[in-house]
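The next block holds one structure in the form of structure tokens; read it before the comments.
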Amino acid sequence: MRDAPRPGPEVRSGGAFAARGFAPLWFSGLCWHWGRWAIAFLSSYHVNQITDSPRMVQLTGAVMWAPLLFGGAIGGVISDRFDRRRTVRLQTALLVPFVAVIGFAERAGQLGIWLLYPFLLFAGIGWVVDMTSRRALVLDIVGPHRLHKAMAWETMALASGVAAGQLLGGAVADSAGVGAAFLGVAAMLGVGLFLLMWVPRVAPAQSGVAAIDRWSDALRDRIFEVVPLSGTFRRPEPARNSTIAELRAGMRLARTNRGLLSILGVTVMANFFMFAYFPAVQLIGDEVDATAFQIGIIGSMTGFGMITGSLVTAKWGSGRWGLTYTFGVFAAMAMLIVWALSPNVLIAAITLYVASCGSGLFAATQSTLVLTTVSPEMRGRAMGLLSMAIGALPVGTYVLGEVAQQLGARAAVVLMACLGLVGMTLWLMIRPEVIRRTGPTP
């Protein structure tokens, strides 16, 4: 017997984990983020080993992240129209056997580009569905007054995945092979799927006005049950918008909501110019003569730095979300220039950690800003627009790969970061609304 959705959370004291259902959702997300980033690391590492091509290495990231650009709006509609808990469970259940197939294929010596790239595309589609549904589900469970704390924890889960996925992926790839590492990822995702069984089904979080409307609708339904009417006075059935209509309404948000547009513009700049370096960790690792395990260590600094930035945001960032969001991008881009010029493994690890602290400030406030800038009924579609803005990442990743093919990895990262600093400055001069965005203090 399926459980009925319980009402959304009331305003209560305590942290995010005080909300019923947040703990299993967070730990399942931890497994998802660890697995997703391990997939990204292992795929780029494998392609680097068999092709030795900067273009093909960067293309692994472009393929995996392409669905964010082309499917984000659809993912937002799915989040708003369907049970978010069930959607997250379904995409995880579909991904587990695919990861296992990749692991067995590599162990059999059959993992070529022809199989790996379609798999990365499928994993990227799962990422879109998960991001738009899972983060809106977090809001449904914890409520708006604990959202900034919950999103800081969510960012820490993501950041720990960046760290653990690359660190463990490099260690296992060195000792047991890439295939064994993929099989370990499949098992980890299976654990995350099991944990989702303990997440309760909840009604979407409502604002005060929406909650009153829902209460009045319920009262009206009760009146019609007690005093039935007939003929032309019968209460009409509520109209349900079509998927196309909801998709159009979501796309209009980017034009009509200036605050959201400002946030999305910063997101585009950050993902095109800053986060495009992810697959390039393999290339910079080659520049400093790093082993697979050492490349994993360098890459894991992204996660550790983002965890630090998220902790700082959770403790001191409430009420200053917009400023924290934009400062993090500037700091990260500036430090990536230093990272690209690192002479050895140690300096590369330290400088990427510092740059990623800025990325953590950005990531910890991103979803909070989006979810609190739009009305409750548009939150899923706003997250879809956010994923489309993040979709600048595969484009930037591909561009960085082409530049690296011609000028080298170091020059490519430096050029992209410098252009990003200029682009961010110009955008905030045109659309500065995000800087002024603030939130309630707990």
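Matching residues to (1) open to solvent by 40 Å² or more (accessible area, probe 1.4 Å); (2) part of a helix (DSSP H, G or I); (3) more than 24 Å from L260 (Cβ to Cβ):
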residue: V399; (1), (2), (3): yes, yes, yes
residue: Q405; (1), (2), (3): yes, yes, yes
residue: A412; (1), (2), (3): no, yes, yes
residue: M416; (1), (2), (3): no, yes, yes
residue: M424; (1), (2), (3): no, yes, no
residue: W427; (1), (2), (3): yes, yes, no
residue: I435; (1), (2), (3): yes, yes, no
Checked L336, L323, L341 against criteria (of a type outside the set (V, I, T), closer than 22 Å to L428 by Cα, in contact (Cβ under 8 Å) with a residue 60 or more places away in the chain and surrounded by fewer than 24 Cβ atoms within 10 Å (Cβ to Cβ)); the one match is L323
Apart from one, (1) part of a helix (DSSP H, G or I); (2) surrounded by fewer than 24 Cβ atoms within 10 Å (Cβ to Cβ); (3) touching a helix residue (DSSP H, G or I) at 6+ places or on another chain (Cβ under 6 Å) all hold for V374; the odd one out is (1)
Of the candidates S43, S79, the one satisfying the condition of being of a type in the set (S, T, N, Q) and more than 21 Å from A276 (Cα to Cα) is S79
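Could you please give the count of residues in segment 91-100 that are loosely packed, with under 15 Cβ neighbours inside 10 Å and without any contact (Cβ under 8 Å) to a residue 60 or more places away in the chain?
Adding up the residues that qualify gives 1.
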When segment 318-338 is checked residue by residue, the ones that are under 15 Å from A409 (Cβ atoms) and out of contact with any Phe, Trp or Tyr (no Cβ under 8 Å at 6 or more places or on another chain) are I337, V338
Exception for I39 within (1) at pLDDT 90 or above; (2) open to solvent by 10 Å² or more (accessible area, probe 1.4 Å); (3) hydrophobic (A, V, I, L, M, F, W, C) falls at (2)
In this structure, does A254 turn out to be at pLDDT 85 or above, part of a helix (DSSP H, G or I) and in contact with a helix residue (DSSP H, G or I) (Cβ under 6 Å, 6 or more places away or on another chain)? no
Scanning segment 257-271 for residues that are open to solvent by less than 10 Å² (accessible area, probe 1.4 Å) and more than 12 Å from L386 (Cβ to Cβ) gives S262
Residue hits (segment 344-367; more than 19 Å from G161 (Cβ to Cβ) and either hydroxyl-bearing (S, T, Y) or open to solvent by less than 50 Å² (accessible area, probe 1.4 Å) (or both)) are V345, A348, T351
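The values are calculated or read from the model by the stated rules, or taken from the named source; none is laboratory data. Bear in mind the structure is a predicted one, so any value in this text is a computation, not a measurement. Methodologically, a virtual Cβ is constructed for each residue, glycine included, from the backbone with ideal geometry; neighbour enumeration extends over all protein chains shown. With ligands, DNA and RNA removed, areas are computed over all heavy atoms of the protein, side chains included. Shrake-Rupley method; radii C 1.70, N 1.55, O 1.52, S 1.80 Å.
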